[in-house]
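Below is one structure, written out as structure tokens, with a few remarks after it.
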Amino acid sequence: MESVGGDMASISNIMKYGLPLTGNLVVHAESLAAHAKLVSTAFERKVTAGQPTPEPAIWAKADEFKEKTKAFETETAKLVEVAKTSDPAALGVQMKATAKACGGCHDNFRKPKEESFKRKAAAASEARAQRRIAALTAAIAALLAAASARAGTARPSAVAPSSKPLAAAPATAT
């Protein structure tokens, strides 16, 4: 599903920002259409263990899910044909139709963002990063205290992180 999101975002960004990558529009549309064909087969077997854990409604409402994925396949196939015409207005209209078909599964068949595997992984990663920052801050404070003790100067009671960027090193002549 990340590939689908990547291709959708790429097409959208090329169009929205007028990027000089219009030759890539067909490539992204074809990739999107190829991935759309994989969505229904990716969920044929019911998987209840491991990560990511899909929404159980995929299997409880299998016919509706297949109907939604078929609509997505149809719209992505149309997107490929429109992308080949290089008509930005028509491409914009078809992108909206494709996005609507893509989002057709999200309401009933995708877990809420706060329950998603990706969101949980990001939160865990953030927590690890915060622990590392705390450990590094404590280590720096200990090093400063030891250096101050050796120098016979008063040590600071706490080290507060600075929001100022580090100054660039002076240029040296070579």
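Laboratory data are not the source of any read-out in this text; all were calculated from the coordinates shown. Being a predicted model, the structure only gives us computed values, none of them experimental. So basically every Cβ, Gly included, is an ideal-geometry build from the backbone, and we count neighbours across all protein chains shown.
Please rank 131, 45, fewest neighbouring Cβ atoms within 10 Å first, as an exposure proxy. Walk me through the intermediate numbers first.
Details: 131 10, 45 7.
Least to most surrounded, the residues fall as 45, 131.
For the stretch 1-73, what relative contact order do you get, as a whole percent, if you take Cα pairs closer than 8 Å and at least 6 residues apart? Before the final figure, lay out the partial values.
Values: 37 pairs, mean separation 21.9, N = 73.
Dividing the mean separation by the residue count of the stretch 1-73 yields 30 percent.
Give me the one-decimal nm value for the distance between modelled label points at residue 100 and residue 70, 7 Å along each residue's Cα-to-Cβ direction.
1.9 nm
Which one, 92, 40, 14, projects farthest toward the positive side of the charge dipole computed for the stretch 2-111 from Cβ point charges (K/R +1, D/E -1)?
40
May I ask you to derive the FRET efficiency for residue 81 and residue 110 from their Cβ-Cβ distance with R0 = 22 Å, giving the value to the nearest 0.05? Can you show the working numbers first?
Working: r = 27 Å, r/R0 = 1.25.
The formula returns an efficiency of 0.20 here.
What is the stretch 1-100 by shape, rounded, prolate or oblate, if you read a ≥ b ≥ c off the alpha carbon gyration tensor as root eigenvalues and call it rounded for a/c under 1.5, prolate for a/b larger than b/c, and oblate otherwise?
The shape class here is prolate.
Ranking 79, 19 by Cβ neighbours within 10 Å, fewest first, what do you get?
On the way: 79 28, 19 12.
Starting with the residue having the fewest Cβ neighbours, the order is 19, 79.
Fewest first, what order do 28, 106 take by the number of other Cβ atoms within 10 Å? Could you put the intermediate results ahead of the total?
Working: 28 22, 106 11.
Ranked by crowding around the Cβ, least crowded first: 106, 28.
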